1. Confirm whether Ala52 is under 26 Å from Ser183 (Cα atoms), within 16 Å of the chain's Cα centre (by Cα) and of a type in the set (Gly, Ala, Ser).
2. Among the residues of the stretch 79-87, are any over 21 Å from Asp22 (Cβ atoms), loosely packed, with under 15 Cβ neighbours inside 10 Å and touching a Pro at 6+ places or on another chain (Cβ under 8 Å)?
3. So, in the stretch 32-67, how many residues would count as being open to solvent by 60 Å² or more (accessible area, probe 1.4 Å) and not charged (D, E, K, R)?
4. Could you list, in sequence order, all residues of the stretch 99-140 that are open to solvent by 50 Å² or more (accessible area, probe 1.4 Å), more than 13 Å from the chain's Cα centre (by Cα) and within 16 Å of Ile165 (Cβ to Cβ)?
5. I need the helices (runs of 4 or more DSSP H) fully contained in the stretch 136-207, keeping only those with at least 1 residues that are modelled with pLDDT of 85 or more and within 14 Å of Leu117 (Cα to Cα).
Amino acid sequence: MVLDATPVVVAGGRSRRFGEQDKLVTELNGQPLIDRAAAAAARATRRDPVVATRDGGHADRLADAITGVRPSFVHDDPAYEGPVAGVAAALDAVDTPWVFVCGGDMPWLSPRAIRLLGERAERLSPAGVVPLSDGRPEPLHGVYRVAELQRAVDDACPRTSLRGIVERLSPLVTVPATHADDSLRGSLADVDEHADLLTPDVATISR
């Protein structure tokens, strides 16, 4: 069963560690990072994604790079910082009871791994389901009940991190990445620097 969820792709970061080039339109195996992430999230949920960007100009650049799906775009909510700004803006554009939130710099997102989290959400009906990596929840690869996530965002201080918001959700189901199959471990990988594009073996398990 496919959870009734909208994929939200957080793409408003400035990627300073990547250099002057726009990281999200950088290609991996001939496909922009943002296109790979958006397409995988859409396949898993069977819905086109909401992409949260910095502003209209940034949205236009990303729209040109996304060819596999038909996203809608929102701009980061200035009342918040970091990924929370994108999530806050995207929630206003969502009409499903659940969301899957991911980063636009996650080119090895696995629909199989996303569905794994969705199955837990369907069965257990928590406030959210997130992978656990190195003992900490990974908020940018999570399935969340919209009403609970909206409430947590509304109650957060302006500088609260997305992880800080997610850790307040209750009940929160965590899935240890080391206890799941390889699709989840590979799906969590993101790109911060150019060298990360050479991550070995990950692409072979992202399916």
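The values are calculated or read from the model by the stated rules, or taken from the named source; none is laboratory data. Since the structure is predicted, the reported quantities are computational estimates derived from the model, not experimental observations. No Cβ is skipped: glycine too gets one built from the backbone with ideal geometry, and neighbour counts run over all protein chains shown. Please note that ligands, DNA and RNA were not included when accessible areas were found on the heavy atoms of the full protein model with its side chains. Shrake-Rupley method; radii C 1.70, N 1.55, O 1.52, S 1.80 Å.
1. Numbers: under 26 Å from Ser183 (Cα atoms): yes; within 16 Å of the chain's Cα centre (by Cα): yes; of a type in the set (Gly, Ala, Ser): yes.
When the stated conditions are applied, Ala52 passes them.
2. Within the stretch 79-87, one or more residues are over 21 Å from Asp22 (Cβ atoms), loosely packed, with under 15 Cβ neighbours inside 10 Å and touching a Pro at 6+ places or on another chain (Cβ under 8 Å).
3. 1
4. Arg136
5. On the way: elements: 146-155, 162-166, 182-187, 202-205.
Hits in the stretch 136-207: 182-187.
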